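A.B. asks: The structure is given below, and queries will be raised subsequently.
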Amino acid sequence: MSAPGWPARLAHEEVAVRPPRSRDGAAWSQVRVRNAAWLERWEGRPPRSEPAPWANRNSPAVFATLLRVQRREAKAGRLLPFLLTVEDRVAGAITVGGVTRGAFDSAHVGYWVDEGVAGRGVMTTALALVLDHCFGPVGLHRVEANVRPENGASLRVLSKLGFTAEGRHRRYLFIDEQWRDHLGFALLAEDAPDGVLRRLVEGRSGA
Ligand SMILES: CC(C)(COP(=O)(O)OP(=O)(O)OC[C@H]1O[C@@H](n2cnc3c(N)ncnc32)[C@H](O)[C@@H]1OP(=O)(O)O)[C@@H](O)C(=O)NCCC(=O)NCCS
């Protein structure tokens, strides 16, 4: 049996998100390795061991292992691991994780894009698609995002989507060789009753 809202393919113009496939391994690895300097300073890693080189941590073999774990977790309803494409080329990812049901109906979201497509609204559009899906077919009430105060681009994305800042998490994730404070944001289903993407598109067109 599959989990609510999974698998799913969502698209708006050139931007799409969909489940990763085995044959995405080479493209995923290439884009991750090419973007080492762009991504590594924002991504967490376990603090207790010396990390393998970035290229080793982002090889097609690592993708294959990740895919196995993601498929298991997605089937169990705990994860929605979206791969992001621009004009059908692998260009990033959005991971809805920590899906918790019951009185909470909540999850958190993580995301990255290829520097080559950054700054033209790709992540804001892709996240709007995913958020509408989370509040619709997946049935969540809250989606959280945690961002380092230094990450201006990510803060701007959340602002454009209507997230509310809820607090500061001290020394929250081990990133770039230190425990880093994060700002906690959330969007609730009732924050965008007519849809996150619709509000975004109407805002862009001045409607
Ligand atoms: C955060 C990230 C996903 C944004 O993706 P994107 O597709 O470029 O996002 P968008 O184009 O939709 O929006 C980016 C916005 O930030 C703005 N921006 C870019 N760099 C900025 C900075 N240093 N400070 C403030 N704003 C910045 C852009 O101008 C744009 O705003 P605008 O539409 O008002 O002009 C991308 O920068 C990224 O992958 N970064 C590395 C990984 C990462 O930080 N992941 C998130 C961890 S919380």
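A.B. asks: Hydropathy first: keep DSSP H helices in the chain averaging at least 1.0 on Kyte-Doolittle, then drop any whose Cα extent along the axis falls short of 30 Å, and list what survives.
C.D. replies: none
A.B. asks: Okay, moving on. Under 14 Å from the Cβ of residue 102, count the other residues' Cβ atoms, weight Lys and Arg +1, Asp and Glu -1, and hand me the total.
C.D. replies: +2
A.B. asks: Determine the relative contact order of the chain: mean sequence separation of Cα pairs under 8 Å and six or more apart, normalised by residue count, in whole percent. Don't skip to the answer; put the middle values down first.
C.D. replies: Numbers: 334 pairs, mean separation 42.3, N = 207.
Relative contact order of the chain: 20 percent.
A.B. asks: So how strong a dipole does the chain carry about its Cα centre when Lys and Arg Cβ are +1 and Asp and Glu Cβ are -1, to the nearest 20 debye?
C.D. replies: Roughly 580 debye, rounded to the nearest 20.
A.B. asks: Let me ask another. Report the local net charge at residue 63: Lys and Arg +1, Asp and Glu -1, summed over other residues whose C-beta lies under 11 Å from its C-beta. Each step should come with its number before you reach the end.
C.D. replies: Working: positive: 21, 23, 32, 57, 68; negative: 24.
Charge balance near residue 63 sits at +4.
A.B. asks: Can you give the Rg and Dmax of the stretch 10-205 based on its C-alpha atoms, in angstrom?
C.D. replies: Looking at the stretch 10-205, its Cα Rg and Dmax stand at 16.3, 49 Å.
A.B. asks: Now, a different point. What ³J(HN,Hα) values, in whole Hz, does the Karplus curve 6.51 cos²θ - 1.76 cosθ + 1.60 give for the stretch 12-19 when θ = phi - 60°, with x put for Gly and Pro?
C.D. replies: Working through the residues one at a time gives 9, 6, 7, 9, 9, 10, 7, x Hz.
A.B. asks: Can you pull the one-decimal nm distance between simple spin-label points at residue 174 and residue 105, each 7 Å off the Cα toward Cβ?
C.D. replies: In this crude label model, residue 174 to residue 105 measures out at 3.6 nm.
A.B. asks: Now for a different question. Considering only the other residues whose Cβ falls under 9 Å of the Cβ of residue 124, what net charge follows from Lys and Arg at +1 and Asp and Glu at -1?
C.D. replies: +2
A.B. asks: What length, rounded to one decimal in nm, is gained on full extension from residue 156 through to residue 33, with 0.36 nm per residue of separation minus their alpha-carbon distance?
C.D. replies: Working: separation 123, 0.36 × 123 = 44.28 nm, distance 2.52 nm.
Between residue 156 and residue 33, full extension yields 41.8 nm more.
A.B. asks: Another one. Given DSSP loops and a limit of at most 12 other Cβ atoms within 10 Å, what is the longest stretch of the chain that contains no such GluC sites (Glu not before Pro)?
C.D. replies: After excluding every exposed loop site, the longest remaining stretch is 14-86.
A.B. asks: Using a simple spin-label model with points 7 Å from Cα along the Cα→Cβ vector, what separation in nm is obtained for residue 164 and residue 118?
C.D. replies: Result: 3.0 nm between the two label points.
Where a number appears in this text, it was derived from the coordinates with a stated rule and is not lab data. Since the structure is predicted, the reported quantities are computational estimates derived from the model, not experimental observations. Heads up, the Cβs are rebuilt from the backbone with ideal geometry, glycines too, and the neighbour counts pull from every protein chain shown.
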